[in-house]
Structure formats: structure tokens, C-alpha cells
Amino acid sequence: MTIGTPVGALPRESPGELRLWWQAARPATLPAALSPVVVGTAAGLAGPGGEGGLRPLPFLAALLGSVLIQVGTNFANDYSDFHRGADTHERLGPTRVTQAGLLTPVQVARAIAVTFTFAVLIGAYLVWVGGWPIVAIGIASILCALAYTGGPWPYGYHGLGDVFVFIFFGMVAVGGSAYLQTDGLSTLALIAAVPVGLLITNILVVNNLRDLPTDRAAGKRTLAVRIGDRATRWQYALFVALAYAVPVVLLATGVMGAWVLLPLLTLPLAVGAVRTIAGGMAGRELNPMLARSGKLQLFYGVLFAAGLMLG
């Protein structure tokens, strides 16, 4: 097929086009949609109200809904950054399909609508399970996904991306997943949300550190642009340190047993990532650090969830 041919004009999508959509979905970012649900579910089951055991269908629906919102967010960022001129031929990160002309803006806009529609349908089931709090979470998540780089005041362009990623991938996603298991929200779930949110935010920190020169030129005032290169590298290190302090605090205060220290098995990965970022790596050289940071938060999340469940 010719690149740019509307999807609706084809009887079915070709393998090449499916690969383009997979690229547009940014699979390297998808683990960030999984670990908050896994950790939140574990925190819910480990805390008050979790005695009834796992609710498998809400857990699976939350996983799928989270992935769909992440994919929809990626499509929306691709679309909005292209229209605002933030993505150009000078882009340092992986290819964006709209900017590169691999898919048309109309195609990507349709994909945004379809993806969020499926997310809403799954959300309807979760609302039936969890009630009005899930309605609030779902609406806020989709609106924030669209407003990150879109709308009249894209908050990602005003230095607030890090804050919203921490809130929604940490407090909201972890807390909401715990709520779906127990119909309540415990202090343990809120504490467990902190390291998850910090490590996922670090993926954005790497992204913004890499794009600092081009974002500054495009007028995209990310937090990295506002605080500068050196402080952004310190931010990454600080977030890692705080994330690893949480299990230690949970053990020291008697909230959890020694199993909660399982995430410390990933410390060699964390130390290596911090050293690499602190070493001055810049530009396209930082692209592999996105995947490394994503794997770190996923491995941490899985081990943290296991530690919470084992008590």
C-alpha cells in the first residue's frame, strides 16, 4: 500500500501497516501501564479488606484498560506534538509516525478515538464493579491523556508532565487498582503508589532530558527545560533513591515483613542507570535508557507486588 492511504479505504490492514501502528503505540512504554495495576492489586490484597482474595476479572479489566489508555495517550502525543511543531526532522527520539509521514493525522486521530472508546467500554464494567470513584478516575485519566500535549493549555508544555505522571501512574492507578479489589483505599496502597509513580516518572525524565535542546527551541517548557540539564540528572537519581527507600521504611516501621525488601534485588540495575544518567549521556545516546528505565520499573514493580503479597 501507499503510505498515507486512509485505513478505511482498505479491506484489511497490511502487515506493514500493522507494524506502523505497533510502532505508534510505543511498546517500550507499555510496561508502565502494567506495574501500577499489579502493585495496586497486591497492596489491596495485603491490606485491610483483602482477605477475600483476588477478584480476577476486575484485575484483568484494569490491566487492559490501563494499556488502552497508555496507547491512546501515545497516539494523542504523536498527533498533538506534530501539530504544535514539537516533532520535526531534528527529533532525537524514536520515529514519530505522524511527523515522519508514515500515517496521516486523520488516521492517528481516528486511532485515538477508537482506542479511548474501547477503554471506556472496559471502564463501564469497572464502574459496575467499583462505582462512582471509577467514573471519576476514568474521566480524569482520559482528559489528562488528551491534555498532556493537546488542548488549549497542554500541561506537558508547561513543566507539569512529571507531576501528572506521578499522580496518575502512581497514586491514581495504584490506588484505583487496590480499590477494585477491596472497595476501599488503605494507607498501604497509598504508600505503595509512591515508588511506582517515581520510577515511571523517571521514564519521562529521560525522555525530556534527551529532548531538552529541541524542546527549548520549540518552546516546549518541560520541567527539564525549566530546571536545566544538571538538575534533571539529579532528579533522576533522587527519584530512584526515594523509590528504594520505601520498602526499607515499610520494614523498619513494622508495616510489612522482610519480603517487602524483594525490590532491592534490582538495585544493581538502578545503580547502573543512575551512573549512566549522571555520566553526561545526551541526545540519541539516551534512547536505550528509556527501555532500561522501563524495565527497571517493571522488575521493581513485580518484585514489590510479590513482597507485599508474601507479607
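The values are calculated or read from the model by the stated rules, or taken from the named source; none is laboratory data. Source: prediction; values computed, not measured. We place every Cβ from the backbone using ideal geometry, glycine too, and count neighbours over all the protein chains shown. SASA here: full protein model, heavy atoms, side chains in, ligands and nucleic acids out. Shrake-Rupley method; radii C 1.70, N 1.55, O 1.52, S 1.80 Å.
For the chain, give the percent of accessible area contributed by carbon and sulfur heavy atoms, probe 1.4 Å, rounded to a whole number. Write out the running numbers ahead of the final one.
Working: 9820 of 13860 Å².
So the carbon and sulfur contribution to the accessible surface is 71 percent.
Compute the acute angle (0 to 90°) between the alpha-carbon long axis of helix 56-84 and the principal axis of greatest extent of the alpha-carbon atoms of the chain; round to the nearest 10°.
30 degrees
List the relative contact order of the range 164-240 as a percent without decimals, with contacts defined as Cα pairs under 8 Å and 6+ residues apart.
Working: 64 pairs, mean separation 22.2, N = 77.
In percent, rounded to a whole number, it is 29.
Take every Cα pair under 8 Å in the range 94-180 that's 6+ residues apart, average their separations, divide by the length, and report that relative contact order as a whole percent.
Here the relative contact order equals 20 percent.
Report ³J(HN,Hα) in whole Hz for each residue of the range 267-276, in order, from the Karplus equation J = 6.51 cos²θ - 1.76 cosθ + 1.60 where θ = phi - 60°; Gly and Pro get x.
4, x, 5, 5, 5, x, 5, 4, 4, 5
Per residue of the range 152-165, what does 6.51 cos²θ - 1.76 cosθ + 1.60 with θ = phi - 60° give for ³J(HN,Hα)? Whole Hz please, x for Gly and Pro, Karplus curve as stated.
Result, ordered by residue: x, 9, x, 5, x, 8, 10, x, 10, x, 4, 5, 5, 5 Hz.
Where a ≥ b ≥ c are the square roots of the eigenvalues of the C-alpha gyration tensor, would you call the range 121-234 rounded, which needs a/c under 1.5, or, failing that, prolate if a/b is larger than b/c, or oblate?
oblate
Convert each backbone phi in the range 166-183 into a coupling constant with the Karplus relation 6.51 cos²θ - 1.76 cosθ + 1.60 (shift: θ = phi - 60°), then list the ³J(HN,Hα) values in order as whole Hz, x for Gly and Pro.
4, 5, 7, 7, x, 4, 6, 5, 5, x, x, 5, 5, 4, 5, 8, 10, 6
Over the chain, what is the relative contact order in percent, taking alpha-carbon pairs closer than 8 angstrom and at least six residues apart?
Relative contact order of the chain: 25 percent.
For Leu267 and Asp183, FRET efficiency with R0 = 22 Å and r from the beta-carbon atoms, rounded to 0.05?
On the way: r = 35 Å, r/R0 = 1.61.
In this case the efficiency is close to 0.05.
May I ask for the net charge around Pro268, where only other residues with Cβ less than 13 Å from the Cβ of Pro268 are counted and Lys, Arg are +1 while Asp, Glu are -1? Show your work: numbers first, answer last.
Details: positive: Arg275, Arg292, Lys295; negative: none.
Net of charged neighbours comes to +3.
If you roll a 1.4 Å probe over the heavy atoms of the protein chains, what accessible area per residue do you get for the range 64-197, in Å²?
42 Å²
For the chain, rounded, prolate or oblate, judged on the Cα gyration tensor with a ≥ b ≥ c (square roots of eigenvalues), a/c < 1.5 rounded, else prolate if a/b > b/c? List each step's numbers first, then the result.
On the way: a/c = 2.01, a/b = 1.26, b/c = 1.59.
Taking the square roots of the gyration eigenvalues as a ≥ b ≥ c, the chain is oblate.
Report, please, the projected area of the range 157-311 averaged over directions, based on the convex hull of its C-alpha atoms, in nm².
Computed as one quarter of the Cα hull surface, the answer is 9.0 nm².
Using every pair of alpha-carbon atoms in the range 271-311, split the distances into 10 Å bins beginning at 0 and state the percent of pairs per bin, rounded to integers.
26, 41, 22, 10, 1
Rounded, prolate or oblate: which one fits the range 103-179, using the alpha carbon gyration tensor with axes a ≥ b ≥ c (rounded when a/c is under 1.5, else prolate when a/b beats b/c, else oblate)? If you can, show how the numbers build up before the last one.
Numbers: a/c = 2.66, a/b = 1.23, b/c = 2.17.
It is oblate, given that a/c is not under 1.5 and a/b is not larger than b/c.
For the chain, modelled as a Gaussian network with Cα springs under 10 Å, which listed residue fluctuates most, Pro195, Pro213, Pro56?
Pro56
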